[in-house]
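A.B. asks: Got a structure for you, written out below as structure tokens; questions coming shortly.
All of the numbers you see were taken from the coordinates with simple rules; none came from a lab. From a predicted model like this one, the values you see are computed outputs, not experimental measurements. Glycine also receives a Cβ, built like all others from the backbone with ideal geometry; neighbour counts cover every protein chain displayed.
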Amino acid sequence: MMPIPSSNPLIELNHVSRSFSQDHRPDVRVIDDCSLKIYPGELVALIGKTGSGKSTLLRMMAGLIQPTQGQVLYQGQPVTQPIPGLSMVFQDFALLPWLSVLGNVELGLEALPYKHHERREKALRAIDMVGLDGFESAYPKELSGGMCQRVGLARALAVDPTILLMDEPFSALDTLTSENLRADLMDLWNTEQTNLSAILMVTHSIEEAALMADRILVFSANPGRIKTELRTALPHPRTEQDPAFQPWIDQVYDSITQAAQDDKPAGSRYKVIDLNYRLPSVSISELSGLIEALNNHEDSHKTDLSVFAEDMGLDVDDLFQITEVLEILRLIYLEKGDIILTPIGRAFADADILSRKTIFAQQLSAHVPLIRHIRRILEDRYNQSANESRFLVELQDSLTEESAKAVLTIAIDWGRYAELFAYNVNTGLLSLEDPDSI
């Protein structure tokens, strides 16, 4: 199916923002000033890291939640409740275990004014479309992950939607299963077996977006915004072996890299963060592993990001969370689609365990304000200790409770590895002393 650029948009977001309130604390803005239009014939992919607000954006488009500011329009009319012509497919299959495949698919039709035989007919047709004919009487416990997701897709298609919103529909599946389901979805889309006019899909996989989408939207975080828009005229079906495909995927990587560059101070290679920055949840082993892999790469001075991601088997969420942290720590920098080790990064890769800890401690103290703040508070206390709740309260001034806990947890992990402070998990006490002595 090809986009119809001269037509009116099916769904439109005009300067939409969304904030969430917290008890006795400032509201947290998750989405800020987002505008987009989805046209008939389009398959649009939305790429962004975990926690950037992509799922919130989809729920506003579906009418499940209302924007704090701005307006959502469906076929020119304001959206104030769930849209009948729109369906969603989630990462979590959300099947009811006591219902059969047929029962789960029919469930999505029960709120609509269909007679029993009409519901049954529509459900059976949707089950047949997704390749589950013969499994109508099976229960979720009998099905693989891929088959469960097919049930979720059939349930969404059974209501004959005009627009399909998909929230990371393949991310919980293994590689072969996700490729198979993706190919079947594209067959349904390209052969026009359904009434679908448009699809918007959230994904972490750049390859997946490049293979499927006519348009790719790059989503930034803190708060969520549409940073970049990319279009392609590559026909379907697309394959990674097509000579025209690699330049397209390189363009996507370059654009994501440039979007990250735009968040940096003018003239700087590196991102500068503040105390309440939402630190990516990346482990020490992931950071060390990527640095070592870069150092051992055939061209360790400058490595093509798309080639490196494919070699490492990393999706966009994993890759850009790890590179974001390494760039904050000045161990690498990104430039025009390439990933480059800094002299400090190379020294870290070549160092022994104790020397690595020393380098890591220096870079944390210099470039992560939260780590520096925790250390300073502990040094100023007469007993050189403080409970973690003291820092959680501070973080919750600008982060949700869940996000604040995640940020503090990763900061504590990094600080303990660097031996900048100790932590007693039983008491929640941070200290400059060994935890056994607390």
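A.B. asks: May I ask you to compute the full-extension gain from residue 354 to residue 236, defined as 0.36 nm times their residue separation minus their alpha-carbon distance, rounded to one decimal in nm?
C.D. replies: Contour length minus the Cα-Cα distance gives 37.2 nm.
A.B. asks: So, one more: Per-residue HN-Hα couplings for segment 245-250, Karplus 6.51 cos²θ - 1.76 cosθ + 1.60 at θ = phi - 60°, whole Hz, x for Gly and Pro?
C.D. replies: These are the phi-based 3J(HN,Hα) values: 6, 4, x, 5, 5, 4 Hz.
A.B. asks: Given a Förster distance of 51 angstrom, what is the FRET efficiency for residue 244 paired with residue 390, based on the Cβ-Cβ distance and rounded to 0.05?
C.D. replies: According to the calculation, E is roughly 0.35.
A.B. asks: Follow-up question, since we're still on this one. Taking the alpha-carbon centroid of each part, what is the distance from segment 292-360 to segment 89-138 in angstrom?
C.D. replies: Using only Cα atoms, the two centres lie 47 Å from each other.
A.B. asks: Of the residues 426, 14, 190, which exhibits the maximal mean-square fluctuation in a Gaussian network model of the chain defined by a 10 Å Cα contact cut-off?
C.D. replies: With Cα springs under 10 Å in the chain, the top fluctuation among 426, 14, 190 is at 426.
A.B. asks: Residue-wise, which Karplus ³J(HN,Hα) couplings in Hz belong to segment 156-170, taking 6.51 cos²θ - 1.76 cosθ + 1.60, θ = phi - 60°, and x for glycine or proline?
C.D. replies: 5, 7, 4, 8, 6, x, 8, 10, 10, 9, 10, 9, 6, x, 10
A.B. asks: Right, something else. Between residue 433 and residue 37, what FRET efficiency comes out of the Förster formula 1/(1 + (r/R0)^6) with R0 = 56 Å and r the beta carbon distance, rounded to 0.05?
C.D. replies: After rounding, the FRET efficiency stands at 0.45.
A.B. asks: If you don't mind, there's one more thing I want to ask. Quick one: check the C-alpha center-to-center distance for segment 157-189 versus segment 370-388, whole angstrom.
C.D. replies: Going from one Cα centre to the other spans 49 Å.
A.B. asks: For the chain, what does the relative contact order come out to in percent, with C-alpha contacts under 8 Å and a separation of six or more?
C.D. replies: 15
A.B. asks: Looking at 309, 391, 185, which one has the Cα that reaches farthest to the positive end of the dipole of the chain (charges on Cβ: Lys, Arg +1; Asp, Glu -1)?
C.D. replies: Selected residue: 391.
A.B. asks: How large, in Å, is the chain by the Kirkwood hydrodynamic radius built from its alpha-carbon pairs?
C.D. replies: Kirkwood hydrodynamic radius for the chain: 23.9 Å.
A.B. asks: OK, next. Figure the gain on full extension for residue 413 and residue 382 (residue separation times 0.36 nm, minus the Cα-Cα span) and round it to one decimal in nm. Don't skip to the answer; put the middle values down first.
C.D. replies: Details: separation 31, 0.36 × 31 = 11.16 nm, distance 2.39 nm.
Gain on extension, residue 413 to residue 382, equals 8.8 nm.
A.B. asks: If I fit a long axis through the Cα atoms of helix 116-129 and take the longest principal axis of the Cα atoms of the chain, what angle between them do I get, 0 to 90°, rounded to 10?
C.D. replies: Tilt relative to the chain: about 60 degrees.
A.B. asks: Sort 433, 42 so that the residue with the fewest other Cβ atoms within 10 Å of its own Cβ comes first and the one with the most comes last.
C.D. replies: 433, 42
A.B. asks: Same structure, new question: In deg cm²/dmol and to the nearest 500, what is the mean residue ellipticity at 222 nm of the chain if only DSSP H runs of at least 4 residues count, each as -39500 (n - 2.57), divided by the residue total?
C.D. replies: Counting only the DSSP helices, I get -12500 deg cm²/dmol.
A.B. asks: Using θ = phi - 60° and the Karplus relation 6.51 cos²θ - 1.76 cosθ + 1.60, list the HN-Hα couplings for segment 345-356 in order, rounded to whole Hz, with x at every Gly or Pro.
C.D. replies: x, 5, 4, 4, 5, 8, 7, 7, 4, 5, 5, 4
A.B. asks: Can you divide the C-alpha Rg of segment 11-259 by 2.2 N^0.38 Å and report the result to two decimal places?
C.D. replies: Ratio of Rg to 2.2 N^0.38 Å for segment 11-259: 1.03.
A.B. asks: To the nearest 0.05, how large is the calculated FRET efficiency for residue 295 and residue 270 if R₀ is 22 Å and r is the Cβ-Cβ distance?
C.D. replies: 0.70
A.B. asks: Tell me, Kirkwood radius of segment 284-350 from alpha-carbon pair distances, in Å?
C.D. replies: By the Kirkwood definition, the hydrodynamic radius is 11.5 Å.
A.B. asks: Another question about this same structure. Run the numbers for residue 98 and residue 192: contour at 0.36 nm per residue of separation, minus the present Cα-Cα distance, in nm.
C.D. replies: Separation in residues times 0.36 nm, less the Cα-Cα distance, equals 30.6 nm.
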